[in-house]
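Undergrad: One structure follows; several queries about it will come next.
Read-outs throughout are calculated quantities, based only on the coordinates presented, and are distinct from any laboratory measurement. None of the values given here were measured: they were computed from a predicted structure. Methodologically, a virtual Cβ is constructed for each residue, glycine included, from the backbone with ideal geometry; neighbour enumeration extends over all protein chains shown.
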Amino acid sequence: MFFADLMDEPTALPTTDFGSALLRMVIALAILLFLLGATYWLLRRIIRHRLTKGVGVEAIQLVEKRMISPKTTLYLVSVDNKRILFAESQLEVTQLSHTLSQESQNSEH
C-alpha cells in the first residue's frame, strides 16, 4: 500500500521565484554577448595584424614606383634578393626585366 499512500498525498510544486530566474538568465545572456563581442574583436585584430604585417619576414618590397604616363606606371620590386621591373597599364601588367639585387651581388664577390 505504499503506492496508495503516495497517490493520496498532494504533489507539491517547487516554489520558484521567477524574478531571480529571469535575472540569472539576463546575466548569463549578457556574459555570453560580452564573450562573443570580445572574441569577434580579438579575431578582427589578429587578422588585421597578419594582413598588414604578413607572416614572417617581408619577402616582397616595393623599391620604387614611377609614373611614365597617366595610365602607365613602372614598379621596381625586390623579391628574395631579385629585383623585378613591372609595367602596369590600363589593360595589363607586364614583367619587363629581373636581376639580382645589389646586396646579393656584393655578397657573392
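Undergrad: Report, ordered by the first and then the second residue, all pairs with beta carbons closer than 7 Å, sequence separation of six or more or different chains, a first member in the stretch 68-97 that is within 18 Å of GLU58 (Cα to Cα), and a second member that is surrounded by 12 or more Cβ atoms within 10 Å (Cβ to Cβ) and among the polar types (S, T, N, Q).
TA: Correct list of pairs: SER78/SER101; ASN81/SER101; ASN81/SER104; LYS82/SER101; ARG83/SER101.
Undergrad: May I pose another question? Give the stretch 16-30 a look and list any residue that's polar (S, T, N, Q) and part of a helix (DSSP H, G or I), or say none.
TA: SER20
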